[in-house]
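Colleague: My questions will all concern the structure given below.
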Amino acid sequence: MAAAALVLVTACAPEPPTGPPGGVAPAGAPPTGTSAPVSGDGSIPKNESISVHDTGHVGIANLDPGLLAAVQKATVDAQARGVELRVTSGWRSKDYQQRLLDEAIALYRSEEEALRWVHPPEKSKHVTGEAIDIGPTNAADWLIRNGADYGLCQAYANEMWHFELLTTPGGECPQPIAN
Ligand SMILES: [Zn+2]
């Protein structure tokens, strides 16, 4: 055991101190690990939101890179016009998506009604990282009007906050589907 550990340490030694994470942080490294592994189910508490630049949150980190880049760009442009885009939901684990569906079924006392609002895990674009929910209302409204410049479109008529990459930047968004 001790010998194996010693070999492991020795094998790591030639790495320069500025190399990839994995070993002991070199002196002078940022106090909070910018390279800390992100984990979790992607949940964001109700009535709370996070920044689309918060890539330390797994709900942001696991988003499709194209979607993330588009929303980050839109966020910067919106901010220049006095509108703050916040993320109320991004990537979700399958378990988290199922939990949201279970909660909706309990709330509506109807699976059929719940499914109008919450997709099952195998159907949700949040689980694949291809959807993002934006708030508050004025921010979602801004993105509905300007999102196509970034390829971002409102996907569902009954969810003004839910956006997906559905066109090319500067293209035209398809008509939102009912639900
Ligand atoms: Zn959504």
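Colleague: Summing +1 for each Lys or Arg and -1 for each Asp or Glu, what net charge is found among the other residues whose Cβ lies under 13 Å from the Cβ of Ala131?
Modeller: -2
Colleague: Sticking with this one: Stokes-Einstein diffusion coefficient for the stretch 43-179 at 25 °C in a medium of 0.890 mPa s, Rh from the Kirkwood formula over Cα pairs: what value in µm²/s? Walk me through the numbers on the way to the answer.
Modeller: Numbers: Rh = 15.0 Å.
D, rounded to a whole number, is 164 µm²/s.
Colleague: For Glu111 and Arg99, compute 0.36 nm times the residue count separating them, minus their Cα-Cα distance, and round to one decimal in nm.
Modeller: Numbers: separation 12, 0.36 × 12 = 4.32 nm, distance 1.32 nm.
Contour length minus Cα-Cα distance gives 3.0 nm.
Colleague: Select from the stretch 44-93 those trypsin sites (Lys or Arg not before Pro) which occupy a DSSP coil region and have at most 10 other Cβ atoms within 10 Å, ordered by residue number. Could the numbers behind the result be given before it?
Modeller: Working: sites: Lys46, Lys73, Arg81, Arg86, Arg92; in loops: Lys46, Arg81, Arg92.
When the trypsin sites (Lys or Arg not before Pro) of the stretch 44-93 are filtered for loop state and at most 10 Cβ neighbours within 10 Å, Lys46, Arg81 remain.
Colleague: About the Cα centre of the stretch 39-162, how large is the charge dipole given +1 on each Lys and Arg Cβ and -1 on each Asp and Glu Cβ? Please answer in debye to the nearest 20.
Modeller: On the way: 12 positive and 18 negative charges, 33 e Å.
The dipole magnitude comes to about 160 debye.
Colleague: Go through the stretch 92-99 residue by residue and turn each phi into a ³J(HN,Hα) via Karplus (6.51, -1.76, 1.60, θ = phi - 60°); whole Hz please, and just put x for glycine and proline.
Modeller: Those phi angles translate into 10, 5, 4, 4, 5, 4, 5, 5 Hz.
Colleague: Sticking with this structure for a sec: Setting aside same-chain residues fewer than 8 positions from Lys123, which lysines have a Cα under 19 Å from its Cα?
Modeller: Lys123 reaches Lys94.
Colleague: What distance in nm separates the simple spin-label points at Asn138 and Glu172, each placed 7 Å from Cα in the Cβ direction?
Modeller: Result: 3.1 nm between the two label points.
Colleague: Name the long-range amide H neighbours of Ser89: under 5 Å, sequence gap of 5 or more, or other chain; modelled H, no Pro or chain starts.
Modeller: For Ser89, whose amide H was placed from the backbone, the distant partners under 5 Å are Asp133.
Colleague: On to the next question. Lys and Arg at +1, Asp and Glu at -1: add these up for the other residues within a Cβ distance under 11 Å of Ile44 and post the number.
Modeller: Working: positive: Lys46, Arg86, Arg92; negative: Asp41, Glu48, Asp54, Asp133.
Surrounding charge for Ile44 is -1.
Laboratory data are not the source of any read-out in this text; all were calculated from the coordinates shown. Just so you know, these numbers come straight off a predicted model, no measurement behind them. We place every Cβ from the backbone using ideal geometry, glycine too, and count neighbours over all the protein chains shown.
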